[in-house]
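Participant: Here it is, the structure, as structure tokens.
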Amino acid sequence: MNRRTVLILAVTCGMAVGNIYFPQAVGPLIAAGLGTSPESAALVVTATQVGYTAGIFLLVPLGDRLPHRPFLVTLLALTGVGLLVAGCAPALPPLVAAGALIGVTSVAAQIIAPLAAGLVAPDRRGAVMGTLLSGSIGGMLLARTFSGSLGEWLGWRAPYLVAAVLILLLALVLAHTLPTTTPSSREPYPALLAASVRLLRTEPELRRSCLYQATVFAGFSAVWTCVALLLSGPAYGMGAQAVGALALIGAVTMVCTPWAGRLVDRRGPDPVNLVCLLGVLVSAALLVPGGRGGTAGVAALVVGTLVLDVAMQSSMVANQARVLALRPDSRSRLNTAYMTCSYLGGSAGSWLGVQIYSRVGWWGVCALVALLAAVALVRHLRALYDREDPRRRSGAASQEGCSTASSS
């Protein structure tokens, strides 16, 4: 797989993932435009993420069953239609429904990752995963900035309509540039769905990776869903453009994720996971002063979200590299199980974050992030201990044998 192909796939990941995140920046604009509360408008974000989770579970397994080029082009075309419907929605309920449809069909990145993993050598897999994730990060960041700025200028409908045009143009590009691939499975669709659930039951490393990313992504989603409410609230009184500007600071993660991928190739995913989980804990502490407003509050939000973004995205590289190395003939199904759990965590994090923010404020969201990271960290330390324990027992037995031999 050459660099041109990797670049095209990275852009596709960015465009697809951007559809999931740009509603986070225009939530207050949607509330004002449709005459509803900001908390109700945040349902658009949750519905999009829930739809994305459903799409991962229902559609990504077909990546092992269908040729990738027509499959991806069809999904992007359906996404474009959903964006057009959302941009024309007359009220909140149809917008929430359109958001769910957009989420279901915006799963291109999760189909591309197993595709790319099968086209590169194992010693390059982490680096390529990091490059694709950089594309996803770029789409995530630019989508928030783009939607926040465009929404302030032309209203909340404009980001949906412009995104629809861009996605449909990308579908045309992919129809002429994607490589031809042969499906790795001929199993019927129900069997593919059942396989993802079965892999969760039989692969402990998959379950471990799912727990790590679900908790980290839940905290990440809680922060980014609530930061729009915080910045537009009385503490700051800013608009949607401020959310986009804050998100753009996370562009440094585009540099960090390829580096994290190379580190995974050299050292394995476990050390990277450890650093990332500690990073999420640190970010929770850094974000707490952000609720106070003022210059110090802005600085806390900038540094805290930056650390959180780097930790979450690097964790994604490590966990996905571990998962995709388990069974080469089932990569799409493995990725289905992994990403479904991750986005279930993200959806739950968005919902919980809004509930906690409306009741106790910003510090409660930060406490939620810390609690989630602590759960994953305890599990990770236990895994590291269990891995080292047989070696300790072996070393103790060897020393005992040496002592016995010397005494005799």
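Participant: Under 20 Å from a label point 7 Å along Cα→Cβ of Thr177: give me every residue in segment 1-32 with its amide N that close.
Facilitator: 1-19
Participant: Taking the dipole about the Cα centre of segment 264-385, with the C-beta of Lys and Arg at +1 and of Asp and Glu at -1, give me whichever of Gly268, Gly290, Tyr357 is farthest to the positive side.
Facilitator: Of the candidates, Gly268 comes out farthest on the positive side.
Participant: Which residue fluctuates the most in the chain, going by a Gaussian network model with Cα springs under 10 Å, if the choices are Ser209, Ser221, Ser37?
Facilitator: Evaluated over the chain, the most mobile residue of the options is Ser37.
Participant: Only Cα pairs within less than 10 Å get springs; with that Gaussian network setup on the chain, which residue of Val378, Val272, Val317 has the largest fluctuation?
Facilitator: Val378
Participant: Ok, one more. Each residue of segment 350-365 in turn: what ³J(HN,Hα) in whole Hz from Karplus with 6.51, -1.76, 1.60 and θ = phi - 60°, glycine and Pro shown as x?
Facilitator: 4, 5, 4, x, 5, 5, 5, 4, 5, 9, 10, x, 5, 4, x, 5
Participant: Between segment 261-305 and segment 331-387, what is the C-alpha centre distance in whole Å?
Facilitator: 14 Å
Participant: Now, a different point. Could you tell me which residue out of Leu115, Val96, Leu133 lies farthest along the dipole of segment 39-165 toward its positive end? Charges go on the beta carbon: Lys and Arg +1, Asp and Glu -1, centred on the Cα centre.
Facilitator: The Cα lying farthest towards the positive end belongs to Leu115.
Participant: While we're looking at this one, here's another question. List, in order, the whole-Hz ³J(HN,Hα) value for each residue of segment 271-285 obtained from phi through the Karplus relation with A = 6.51, B = -1.76, C = 1.60 and θ = phi - 60°; use x for Gly and Pro.
Facilitator: Those phi angles translate into x, 5, 4, 4, 4, 5, 5, 5, x, 5, 4, 5, 4, 4, 5 Hz.
Participant: Over segment 217-300, what per residue volume does the convex hull of the Cα atoms give, in whole Å³? Can you show the working numbers first?
Facilitator: Details: hull volume 7.7 nm³, N = 84.
Cα convex hull per residue, to the nearest whole number: 92 Å³.
Participant: Could I ask something else about it? Suppose a student asked you for the relative contact order of the chain, using Cα pairs under 8 Å spaced at least 6 residues apart; what percent would you report? Present the calculation step by step, with values, prior to reporting the outcome.
Facilitator: On the way: 726 pairs, mean separation 99.9, N = 408.
Contact order relative to length: 24 percent.
Participant: Here is a further query. Under a GNM of the chain (C-alpha, springs under 10 Å), which listed residue has the highest mean-square fluctuation: Leu334, Leu206, Leu381?
Facilitator: Result for the chain, Cα springs under 10 Å: Leu381 fluctuates most.
Participant: Please compute, for the alpha-carbon atoms of the chain, the extent along each of the three principal axes and give them in descending order in Å.
Facilitator: Principal-axis extents of the Cα atoms in the chain, largest first: 87, 52, 36 Å.
Participant: While we're on this one: Projecting each Cα onto the charge dipole of the chain (Lys/Arg +1, Asp/Glu -1 at the beta carbon, about the Cα centre), which of Leu83, Val323, Tyr343 comes out farthest on the positive side?
Facilitator: Of the options given, the answer is Val323.
Participant: Here is a follow-up. May I ask for the percentage of alpha-carbon pairs in segment 210-369 that lie more than 23 Å from each other? Each step should come with its number before you reach the end.
Facilitator: On the way: 4813 of 12720 pairs.
The proportion of pairs with Cα distances above 23 Å equals 38 percent.
Values quoted throughout were computed directly from the atomic coordinates according to the rules given, and no laboratory measurement underlies them. All values reported here derive from a predicted model rather than from experimental measurement. Neighbour counts are summed over all protein chains in view; Cβ atoms, including those assigned to glycine, are modelled from backbone coordinates with ideal geometry.
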